[in-house]
Amino acid sequence: FRWIPERKVLNKYYPHDFDPSKVYKRKKSGSKIVRVRTMIPFTAICVQCGTYLYRGTKFNTIKKKISNQTYLGIELYRFYMNCKVCNAIFYFRTDPKSGSYQIEKGLKHIKLINSNKPAAKNSNNDREFYLKLKNIPNNKYLKIILNKFKNK
């Protein structure tokens, strides 16, 4: 039988000759730097090495409050990160006015086309498509498609 220590220790043992004044206390840094693990909120390219950094990739970041800058009482933050390939530093900040983030250094933003969004309804394009379908001879699906367009 082996002695197994308690998993959640509620009480700590202090010896009888323990003097708390002799314990070294660390000084807290004056700046408000917080280390967090976050996901990058957009797809971008590293300027140094050209690596694609996709939205949702996790990074160890330094979150720093931007002093003396607010927007309607909302504090602005800057996020510092390193590229996983070349270790270059890049950073971006919050932009509450537009509800997104603003790249400041080290990245190039990429706009990806999201195919999940519904296409805008344009009756002129539907009409052209209908006329093209009408000219296809003996298409077995033609009647089904034409009926859908007639019902619109």
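Please report Rg over Rh for segment 40-86, where both radii come from the alpha carbon positions and Rh follows the Kirkwood definition.
Result: Rg/Rh = 1.07.
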(message) Multiplying the sequence separation of TYR54 and SER67 by 0.36 nm and subtracting their Cα-Cα distance, what value in nm do you get?
(response) 1.8 nm
(request) Report Rg/Rh for segment 10-89, rounded to two decimals, where Rg is the Cα radius of gyration and Rh the Kirkwood radius. (result) 1.23
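Every number in this text was worked out from the coordinates using simple rules, so none of it is lab data. Note that the structure is predicted; figures quoted are calculated from it, not measured.
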